[in-house]
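Please read the structure below before turning to the comments.
Please treat every number below as a calculation from the coordinates, not as lab data. Since the structure is predicted, the reported quantities are computational estimates derived from the model, not experimental observations. Cβ sites come from the backbone with ideal geometry, for glycine too, and all protein chains shown count toward neighbours.
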Amino acid sequence: MKKTINLLIVEDSAFMRKVLTDIFEDDSRIKVIGHARNGKEGIEKVLELKPDIVTMDIEMPIMNGIDALREIMKKAPLPVVMLSSHTAEGAEATIQALELGAVNFVQKPSSALMINPKALKEKLIDKILEASKAKLFHTIMKKSTTRKTVINQRSKTKQKKYTNYSGTLVAIGTSTGGPRALQHLLPEFPSSFPVPLLIVQHMPKGFTKSLANRLDSCSNISVKEAEDGEVIKKGCAYIAPGDYHLELKLSSKKELVISLTKGDEVSGHRPSVDVMFSSLSEFKDLNTIGVIMTGMGADGAKGLKSLKKIKESYVIAQDESSCVVFGMPKSAIQLGAVDEIVPLSEITGAILNKLEV
């Protein structure tokens with residue numbers, strides 16, 4: 001019998017506390033064991049009740065959710081799911097929360113009139129169940145001190161290095177735990193990084209721009225939210241905007257340009273990692289280094305498999321010990337689409353080694 005998830009709700013609005021409590025009332029997998037009206041009370045209740053997971057509002061009186069999260073991660077680390085507003089300020093605060101160690105977030109309706117109980121229930125329960133399986137990033141990084149590289153048995157034969165920079169790119173797919181992992185990964189690339197990077201991070205509309213801006217501020221390379229029709233350039237990372245698939249197309253000038261599409265969700269997502277990797281398989285002369293990182297589910301595995309069937313490519317997967325959730329890398333490994341499995345701390349080195357930089 002699976003253990004019931006004990007949940008603490010930290011929310012300043014009495015109405016929202018009631019809405020959230022009602023959502024979990026008829027789900028036997030989750031039990032609400034307490035409430036807190038602000039961040040200060042939230043910290044006290046975490047220490048007193050020792051919940052398995054916390055849902056945390058961001059904007060609260062006395063102590064906000066960001067400051068409370070920071071203290072919780074110091075005193076009693078546990079999975080936290082943030083409740084975020086739809087505003088630009090809310091998006092920036094959410095990205096900061098993910099950097100501080102929050103496992104995930106759910107967009108909160110901006111008013112009582114906009115609440116869709118069924119939709120909110122589905123999203124919240126999914127995120128809580130997902131968070132219950134997640135590992136905390138700071139714990140992972142403390143353990144990931146041993147350098148190790150595991151090579152897929154079928155990939156031990158000598159492979160060519162990708163030295164033709166004009167015909168090479170790096171494509172990265174990630175989900176749960178991805179923002180923090182990208183914050184660790186991208187700043188390690190030198191300003192002279194010789195190829196473009198495409199990134200799909202599962203995230204809703206309005207949040208990917210804040211993520212890109214945050215990553216750009218701490219990286220040597222340029223990081224931006226991708227725009228439809230722009231020519232990809234070396235030394236720049238392009239993050240798929242929320243609610244759009246990211247693909248590559250050839251322009252009339254024979255240049256590789258970004259194509260943002262509103263097609264159906266693939267593998268349950270838009271943007272989808274599968275869509276990005278599949279689009280790269282259309283370019284036979286393009287050397288691709290694919291990277292599949294922490295995330296729930298299997299998005300990216302089929303796309304990588306098709307990519308490797310059609311053209312020369314090299315795929316790196318983040319190892320289980322350094323993943324917040326091992327789902328996406330595990331699925332790609334099980335499909336035989338991976339050449340090299342390394343900890344997060346070694347992914348940059350593996351990419352640079354392949355490029356001979």
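General remarks:
- In this calculation the C-beta distance from Asp228 to His184 is compared with R0 = 41 Å, giving a FRET efficiency of 0.90.
- Close amide-amide hydrogen proximity is noted between Ile5 and Ile30, Lys31, each under 5 Å apart and 5 or more residues distant or on a separate chain (H modeled in the peptide plane; Pro and chain starts excluded).
- Set of aspartates and glutamates with alpha-carbon distance to Lys253 below 15 Å, sequence-local pairs under 8 removed: Glu230
- DSSP-defined antiparallel bridges as percent of all bridges, the stretch 149-355, nearest 5: 30
- For the chain, share of DSSP beta bridges that run antiparallel, in % to the nearest 5: 20
- For the pair Asn213 and Ala119, a Förster radius of 30 Å applied to the C-beta separation gives a FRET efficiency near 0.60, rounded to the nearest 0.05.
- Kirkwood Rh in Å, taken over all unlike Cα pairs in the stretch 223-274: 11.4
- Taking 0.36 nm per residue of separation and subtracting the Cα-Cα distance, full extension of the segment from Arg29 to Lys50 would add 5.8 nm.
- Compactness relative to 2.2 N^0.38 Å, alpha carbon Rg of the stretch 149-355: 0.91
- FRET efficiency, Lys253 to Ser306 (Cβ-Cβ, R0 35 Å, nearest 0.05): 0.80
- Candidates Gly167, Gly39, Gly300: whichever shows maximal mean-square fluctuation once the chain is modelled as a Gaussian network with Cα springs under 10 Å: Gly167
- Sparsely packed loop sites in the stretch 244-344 (the GluC sites (Glu not before Pro) outside DSSP H, G, I, E and B with at most 16 other Cβ atoms within 10 Å) comprise Glu255, Glu265, Glu282, Glu312.
- Stretched out straight at 0.36 nm per residue, the stretch from Leu335 to Ala76 would grow longer than its current Cα-Cα span by 89.5 nm.
- Pairwise Cα inverse-distance average, inverted: Kirkwood Rh of the chain (Å): 20.9
- For Gly206, the residues whose modelled amide H falls within less than 5 Å of its own, excluding neighbours fewer than 5 places apart on the same chain, are Gly242.
- Taking label positions 7 Å along the Cα-Cβ direction at both Lys3 and Ala88, the computed distance is 4.3 nm, reported to one decimal.
- Formal net charge of residues neighbouring Gly263 (Cβ-Cβ distance under 13 Å; K, R +1; D, E -1): -3
- Spin-label model, Glu356 to Ser192: label points 7 Å out along the Cα-to-beta-carbon direction sit 1.5 nm apart.
- Among Asn104, Asn38, Asn116: highest mean-square fluctuation, GNM of the chain, C-alpha pairs under 10 Å: Asn116
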